[in-house]
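Asker: Can you read through this structure? Questions will come right after.
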There are 2 protein chains.
Amino acid sequence: MEKIKVVKKQILQRKGDLHSKSYKVESGLLRSYTIDDKGKEHIFMFGPEGWIVTDYVSPNEPCELYIDAIEDSVIVPIEKTSSQDIDLKKFIKRIRVLQNRVIMLMSASAVDRYEHFISTYPNIIQRAPQHMIASYLGITPEALSTLKNQRLRSKKK
Amino acid sequence: MEKIKVVKKQILQRKGDLHSKSYKVESGLLRSYTIDDKGKEHIFMFGPEGWIVTDYVSPNEPCELYIDAIEDSVIVPIEKTSSQDIDLKKFIKRIRVLQNRVIMLMSASAVDRYEHFISTYPNIIQRAPQHMIASYLGITPEALSTLKNQRLRSKKK
DNA sequence: TTTATGCATTAATGTAGATTAAGAAATTTA
DNA sequence: TAAATTTCTTAATCTACATTAATGCATAAA
């Protein structure tokens, strides 16, 4: 239950590491992500204050995801060992978010996904760099940039 | 704990229905899916024998997903009411599958996703119609068809 | 201050997969 | 069985987004 401070860009966990933990974010912003075989990053989730960032592997399995800090942050690492914090509701919530993300990725265009992202995580847009938001949306930074222009233009009219 | 028989194409649950249940599959094959605003189906998961098919909403919320039978099946509906079958491990497993699916959708090409699907669910390929597999992969049936040819051609050489 | 290094933008060109359409096979229904 | 319906395939065309590359702007380092 100790709070620890981490600085921007500090890596908390790497893919393949053992003893995966959960991280409760007191302040700041974390992210979890993978790196594919072409070396490309894919952001899995953002973790602003109040969120818990976890790689859903059992504590004795190697991690699937990298976790690092986008901003200087204060976090509380939580051991996964005991069956303590089985907050089932949070699990179900998490599954639903993923469920929606899968559906989004399958059915919605990049513009729609961006719109959805804005309305769901309005404050993260300002805090995370563009290329990370692009990565979360599953598009390139270039595509995000032009997409934003199109949006502006069509709204201005 | 009663087993019930359902026939091919029988719908167990519609989006918006209340009193969502889980369905343990004794034999046969179920699927869960959404229908987007363009009327297009997106298969969320296949449930062959041994699997439990669930829409992860709390029992008093309206369903997000449709669930129906791809083959004549024998299933056991499970009430979600009590906190009985909180098999946490299954939850975590489910999240991991989703986690992988998201990563797949973001980083892998249609061919790679197909390869992955084949190796993960070899028997479903033969049992579900192509257009459903295409839907699961997030591509059109036409794209799946041509993709299969390319695969064959490159292997024959 | 100057010089780097990283990040965002724009534009030209390329490509995976969507769409459309038509026909062939297979399966279901009568 | 034939007729109807559903499923699968093929090919032509189209489009959203990727890739590449060049340019401007930050922030950070020297």
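Asker: Evaluate peptide A:105-115: per residue, the Cβ atoms of other protein chains within 10 Å of its Cβ; return the mean as an integer.
Answerer: Mean partner-chain Cβ count within 10 Å for A:105-115: 3.
Asker: Separate question: Taking 0.36 nm per residue of sequence separation and subtracting the Cα-Cα distance, how much length would be gained by fully extending the chain between B:Ser27 and B:Ile118, in nm to one decimal?
Answerer: 30.7 nm is the gain from fully extending B:Ser27 to B:Ile118.
Asker: What does the accessible area per residue of region B:87-157 come to in Å², with a 1.4 Å probe and no ligands, DNA or RNA counted?
Answerer: 56 Å²
Asker: Compute, for the protein assembly as shown, the length of the dipole vector about the Cα centre, with Cβ point charges of +1 (Lys, Arg) and -1 (Asp, Glu) only. Units Debye, rounded to 20.
Answerer: For the protein assembly as shown, the charge dipole is close to 940 debye.
Asker: Label position 7 Å from Cα toward Cβ: report the copy-to-copy distances for B:Lys40 in nm, one decimal, ordered from shortest.
Answerer: From this label point to the equivalent ones elsewhere in the assembly: 1.9 nm.
Asker: For the pair B:Lys3 and B:Val74, how long in nm is the line joining their label points, each one 7 Å along Cα→Cβ?
Answerer: Label-label distance for B:Lys3 and B:Val74, simple model: 0.2 nm.
Asker: Based only on Cα atoms, what mean projected area does the convex hull of chain A have, in nm²?
Answerer: If you wrap the Cα atoms of chain A in a convex hull and average its projections, you get 10.1 nm².
Asker: Taking the Cα centre of region A:87-157 as origin, work out the dipole magnitude from +1 charges on Lys and Arg Cβ and -1 charges on Asp and Glu Cβ, in debye rounded to 20.
Answerer: Dipole of region A:87-157, to the nearest 20 debye: 260 debye.
Asker: Still on this structure, please answer the following. Ordered shortest first, which distances in nm separate the 7 Å Cα→C-beta label point of B:Ala110 from those of the other copies?
Answerer: B:Ala110 label point versus its equivalents elsewhere: 1.8 nm.
Asker: Right, something else. Could you give, in nm with one decimal, how far B:Lys89 is from each other copy of that position, shortest first, with labels 7 Å out from Cα toward Cβ?
Answerer: For B:Lys89, the other copies' label points sit at 2.7 nm, shortest first.
Asker: Also: Just to be sure I understand: with springs between alpha-carbon atoms less than 10 Å apart, which residue in A:Leu144, A:Leu65, A:Leu98 has the highest mean-square fluctuation in the Gaussian network model of chain A?
Answerer: Looking only at A:Leu144, A:Leu65, A:Leu98, the biggest GNM fluctuation is shown by A:Leu98.
Asker: Let me ask another. Can you tell me the dipole magnitude for chain A around its Cα centre, using point charges on the Cβ only (Lys, Arg +1; Asp, Glu -1), in Debye to the nearest 20? Before the final figure, lay out the partial values.
Answerer: Working: 26 positive and 19 negative charges, 169 e Å.
Dipole of chain A, to the nearest 20 debye: 800 debye.
Asker: For region A:1-83, rounded, prolate or oblate, judged on the Cα gyration tensor with a ≥ b ≥ c (square roots of eigenvalues), a/c < 1.5 rounded, else prolate if a/b > b/c?
Answerer: oblate
Asker: What number, in percent, do you get for the relative contact order of chain B if the mean sequence gap of Cα pairs under 8 Å and at least 6 apart is divided by its residue count? Before the final figure, lay out each step's value.
Answerer: Values: 247 pairs, mean separation 40.5, N = 157.
Computed over chain B, the figure is 26 percent.
Asker: Which value, to two decimals, describes the C-alpha radius of gyration of the protein assembly as shown once divided by 2.2 N^0.38 Å?
Answerer: Numbers: Rg = 20.7 Å, N = 314, 2.2 N^0.38 = 19.6 Å.
So the Cα radius of gyration is 1.06 times the expected 2.2 N^0.38 Å.
Asker: Between B:Asp37 and B:Asn100, what length comes free when the chain is fully extended (0.36 nm per residue of separation minus the Cα-Cα distance, one decimal in nm)?
Answerer: 20.1 nm
Asker: List the residue ranges in chain A for DSSP H helices whose C-alpha atoms run 20 angstrom or more along the long axis and whose Kyte-Doolittle average is 1.0 or above.
Answerer: Long hydrophobic helices here: none detected.
Asker: Taking a probe of 1.4 angstrom, what is the accessible area of B:Trp51 in Å², to the nearest 10?
Answerer: Spelled out: B:Trp51, probe radius 1.4 Å, area about 90 Å².
The values are calculated or read from the model by the stated rules, or taken from the named source; none is laboratory data. In this text the structure is predicted, and so the values were computed from the model without any measurement. Don't worry about glycine lacking a Cβ; one is built from the backbone with ideal geometry, like all the others, and counts go over all protein chains shown. Areas reflect the complete protein model, heavy atoms only, side chains present, ligands, DNA and RNA absent. Shrake-Rupley method; radii C 1.70, N 1.55, O 1.52, S 1.80 Å.
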